[in-house]
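Quick notes on the structure that follows.
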Amino acid sequence: MDPKSAGTEKPLPLMEGTTAAFYGHCRNRELRFQRCTGCGRWRHVPRLCCSHCGSWDWEWARSSGRGKVFTWTVVARPMHPAFAGDAPYAPAIIELEEGVRMVSWVVDCPPEELATGMPVAVIFEDVTDEVTLPRFRRA
Amino acid sequence: MNALEGRACIVGIGDTPYLRESDGPGGRSLALELRASEAAIRDAGLRNRDIDGILPFYGLSIAEDLAVNLGVDDLRYQATSHVGGAGPGASLANAAMAVGSGMASYVLIPGGWYGFSGRRVRQIVVQDPSAMSGGANARDFYFPFGLTAPVQWFSFIARLHMDRYGTRPEQLGAVAVAQRKHARRNPGALMRDKPLSLESYLAAPVIADPYRLFDCSLEADGGAAFVVTTLERARDLRAQPVRLLGSAQGQPFPADDIVTREDVFELGLTRATARAFRMAGIGHDDVDFAEIYDPFSFQVIQQLEEMGFCKRGEGGAFVEGGRIEPGGALPVNTHGGLLSEAHILGMNHFVEAVRQLRGEAGERQVKNADIGIVTGFGDFGDGSIAILGR
Ligand SMILES: [Zn+2]
C-alpha cells in the first residue's frame, strides 16, 4: 500500500466555515442544522445560500435529535486502514424529525438488527480534542 | 434536426493493453494517455500535428502535457469537465460543439491511469478530496463516518432499492454474470479466461452490503483515446466515421450529496436521456446495444431505469433472463465493461461502441449494430449520454 495512506488516523472534517459551526454545536452536545430565515426550510449539509428562496440568512436551529433509519449499509471490508478495527460497521442515513437527512452510525446495534424505519436518537462522541461526531442509538 | 445535426463523428480510436499487475509502474498517467492517443490518431489516418483540440480527463494529464509530447504545435482549444466518469461523454459533446463551430478541426479526447499499480480510487478520494466531485461534502460529512469509497456510498442506494422494490441479490448478480459472458468473447478483457456463475457470484465475500466482490469494477492500468471531427472532414479519412446523433448531460440535485436528495434514485441521466433521444430523433427500441458506465452492478440497473428502458423498480427483472447478455434484446457492456473488461474510466466504453458500429468487434459483434448508446456516471450521479450511429 502507498505509505501515504497507511496511517491509522481516521479522516476528520476540515474545521472551517459552516463545517466548523456544525461540529462546534456537536461539541456542545447539540445537534443543530441550518434553517433558512427567509423561507423557514431546514437544510443539511451546510450551504451559504438557500436553494429554495435564495436567502443568505440562516439560523442554527436545534434539532430534537430524534429520527429514523432511512437506509444503511454494512461495511465488511473497510477501504481506509483506520477503520480496519471497526469492521463490520454500519453507516446509516438518518432522517431527522425536522426532515433533514445525514450520515452517521447507529451504535449499540448489531448490523443484522438494523432496519429501515428504526427509531433512533442522537448521542455524541468526542473523537479528538477538537472534533465531536454525532452518532445515534435505538430510541 | 438539431444543433449537432449528426455532423460530428468519431474517426479514430486507440487503446493500450489493459493490465492488473502489482509490479506495474504506477505513477503519472501520461505515458498511457500518450500511447492511446498515438493509436487513436494513427487509426484516424491523421498526423499528431493535425490535432488542434485536446479535452483531457479531469485530474489526469493536462492538455499541454499531451500537446508538447505529441508535437501538437497549434493547440486552439482545450477544456475539461469536472464530472468524473461522466467526463468522456461530456467531452465528446464539447468536441462536437468545437468542431461544429470551427473552434477546432480535430479534437483528441484521451484518458488513462495506473488504476491498479498506482494509487487506488479509495486512496485518491481520501488523500485528495478535491479530485472528486462533491469532495468537500464527502470529506466533512462522509469520511469521518467510514464512508471513504464509492462502493460504500452507492451501496446505500442499492440497499434502498432492494428494500423499496424487492430487487434481489440474484438480480445484481445477473449484471455481473452477463458482463462476464461478454468479456469471455473479448480478447482484450481482463476476465476473458475466467467464467463466472451466479453461484460463485453469490458465494463471493461482501465488500459493502449489498455489494459483493463481483459487483465491483476492476481497477486496472490502461489508456484509451478517440478523435472527433466533422463529417465533411471525415470523408477524407480512411476509417468509417461513427456519428454523434444525440448527446446530453445532467446532474441530480444537489449534485454533491447523495444523502439529502428529495429523490434519492435521481441521476443526471434521469432528465438528460430524453433530451439526447429527442436530439437523435430515435426511441429506446432503436438502440441495438448499450455501453453503460458500471462502477458497480446496481448502477447498471439504476441507469437502465432512469433512462427509461424500464420503469423504476423493474430494473432487476429487466436484467434477468438474458436480455442484456450476448445475443439478448439489449446487449449491455459488450466488452465486459468496467466489471469484466477493465476500469479505464469509461473511455473503453467509447472505444467498444465504435468497434461495434464499425463491425470490428469480432466474436462479440452485435448483429446489425446501427445505433448504440454510451453513458457516463460520475460521483455522485453526474450523467452523460451519447447516442452513436454509423
Ligand atoms: Zn429559504
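The values are calculated or read from the model by the stated rules, or taken from the named source; none is laboratory data. None of these values were measured; they are calculated from a predicted model. Note: ideal-geometry Cβ built from the backbone for every residue, glycine included; neighbour counts use all protein chains shown. Accessible surface areas use protein heavy atoms only, side chains included; no ligands, DNA or RNA. Shrake-Rupley method; radii C 1.70, N 1.55, O 1.52, S 1.80 Å.
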Over chain A, what is the mean sequence separation of C-alpha contacts under 8 Å (at least six apart), divided by residue count, expressed as relative contact order in percent? 23 percent
Place +1 on the Cβ of every Lys and Arg and -1 on the Cβ of every Asp and Glu in the protein assembly as shown, take the dipole about the Cα centre, and give the residue among B:PHE154, B:PRO326, B:VAL206 whose Cα lies farthest towards its positive end. B:PRO326
For region B:329-339, Karplus couplings with θ = phi - 60° (6.51, -1.76, 1.60), whole Hz, Gly/Pro x: 5, 9, x, 10, 6, 5, 9, x, x, 5, 6
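Where nothing but the Cβ of Lys and Arg (+1) and of Asp and Glu (-1) is charged, how large is the charge dipole of region A:17-138 around its Cα centre, in debye to the nearest 20?
On the way: 15 positive and 14 negative charges, 72 e Å.
Approximately 340 debye in magnitude.
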Can you work out the Karplus-derived ³J(HN,Hα) for every residue in region B:140-157? Use 6.51 cos²θ - 1.76 cosθ + 1.60 with θ = phi - 60°, whole Hz, and x for glycine or proline. 8, 10, 10, 3, x, 9, x, 9, 10, 9, x, 4, 7, 4, 7, 5, 3, 6
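Where nothing but the Cβ of Lys and Arg (+1) and of Asp and Glu (-1) is charged, how large is the charge dipole of the protein assembly as shown around its Cα centre, in debye to the nearest 20? Kindly include the intermediate steps, with their values, before the conclusion.
On the way: 55 positive and 64 negative charges, 112 e Å.
So the dipole magnitude of the protein assembly as shown works out to roughly 540 debye.
Could you work out the Rg to Rh ratio of region A:25-115, with Rh taken as the Kirkwood radius (inverse of the mean 1/r over all Cα pairs)? It would help to have the intermediate numbers written out before the result.
Numbers: Rg = 15.9 Å, Rh = 14.9 Å.
Value, to two decimals: 1.07.
Could you work out, residue by residue across A:109-122, how many beta carbons of other chains sit within 10 Å of that residue's beta carbon, and then give the average as an integer? Each step should come with its number before you reach the end.
On the way: counts 0, 0, 1, 0, 0, 2, 1, 4, 1, 0, 0, 0, 0, 0.
The mean count of partner-chain Cβ atoms within 10 Å per residue comes to 1.
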Cα-centred dipole magnitude for region B:12-78, charges only on beta-carbon of K, R (+1) and D, E (-1), debye, nearest 20: 60 debye
Report the label-to-label distance for A:LEU12 and B:SER200 in nanometres (one decimal), using points 7 Å from each Cα along the Cα→Cβ vector. 4.6 nm
What is the distance, in nm, between label points placed 7 Å from the Cα along the Cα-to-Cβ direction at A:ARG137 and at B:ARG76? 6.9 nm
Neighbour-limited loop hits for trypsin sites (Lys or Arg not before Pro), region B:13-94 (at most 13 other Cβ within 10 Å; DSSP other than H, G, I, E, B): B:ARG47
Note: region B:64-152, point scatterers on Cα, Debye, no solvent; log10 I/I(0) at q = 0.14, 0.23 Å⁻¹ equals -0.67, -1.14
Taking the dipole of the protein assembly as shown about the Cα centre (Lys, Arg +1; Asp, Glu -1; charges at Cβ), the one of B:GLY376, B:GLY59, B:GLY87 that reaches farthest to the positive side is B:GLY376
Looking at chain B as a GNM with Cα springs under 10 Å, which of B:ALA329, B:ALA174, B:ALA31 has the largest mean-square fluctuation? B:ALA329
Translational diffusion coefficient of region B:298-367 at 37 °C, 0.692 mPa s, Stokes-Einstein with Kirkwood Rh over Cα pairs, in µm²/s as a whole number. 256 µm²/s
Can you tell me how much longer the chain between B:ARG278 and B:ASP23 gets when fully stretched, taken as 0.36 nm per residue apart minus their C-alpha distance, in nm with one decimal? 87.0 nm
Region A:92-108 - phi-based ³J(HN,Hα) in whole Hz, Karplus 6.51/-1.76/1.60, Gly and Pro as x: 9, 9, 9, 9, 6, 4, 6, x, 7, 10, 8, 8, 7, 10, 8, 8, 6
Selected from A:VAL45, A:PRO111, A:VAL131, residue furthest toward positive end of dipole (region A:17-138; charges at beta carbon): A:VAL45
Of B:280-286, B:9-15, A:48-54, ordering from highest average Cβ density within 10 Å down gives B:9-15, B:280-286, A:48-54
Lone cysteines in chain A, going by a 4.7 Å Cβ-Cβ cut-off? A:CYS26, A:CYS49, A:CYS109
Contact surface A-B: accessible area buried, both sides summed, square angstrom, 1.4 angstrom probe: 3300 Å²
Taking all protein chains together and a probe of 1.4 Å, list B:ASP193, B:ASP74 from the most accessible to the least accessible. B:ASP193, B:ASP74
Around A:GLU125 (Cβ within 15 Å, Cβ-to-Cβ, excluding A:GLU125; K/R +1, D/E -1) the net charge comes to -1
For chain B, what is the convex hull volume of its Cα atoms per residue in Å³? 123 Å³
With the crude spin-label approximation of a point 7 Å out along Cα→Cβ, what separation in nm comes out for B:ARG49 versus B:ARG235? 2.7 nm
Determine, from the Cβ-Cβ distance of A:ALA21 and B:LEU213 and an R0 of 41 Å, the FRET efficiency 1/(1 + (r/R0)^6), rounded to the nearest 0.05. 0.50
Please compute P(r) over all alpha-carbon pairs of the protein assembly as shown, binned at 20 Å starting from zero, and give each bin as a whole-number percent. 23, 54, 22, 1
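Within a 10 angstrom radius of each residue's Cβ in B:163-173, how many Cβ atoms of other chains show up on average? Whole number is fine.
1
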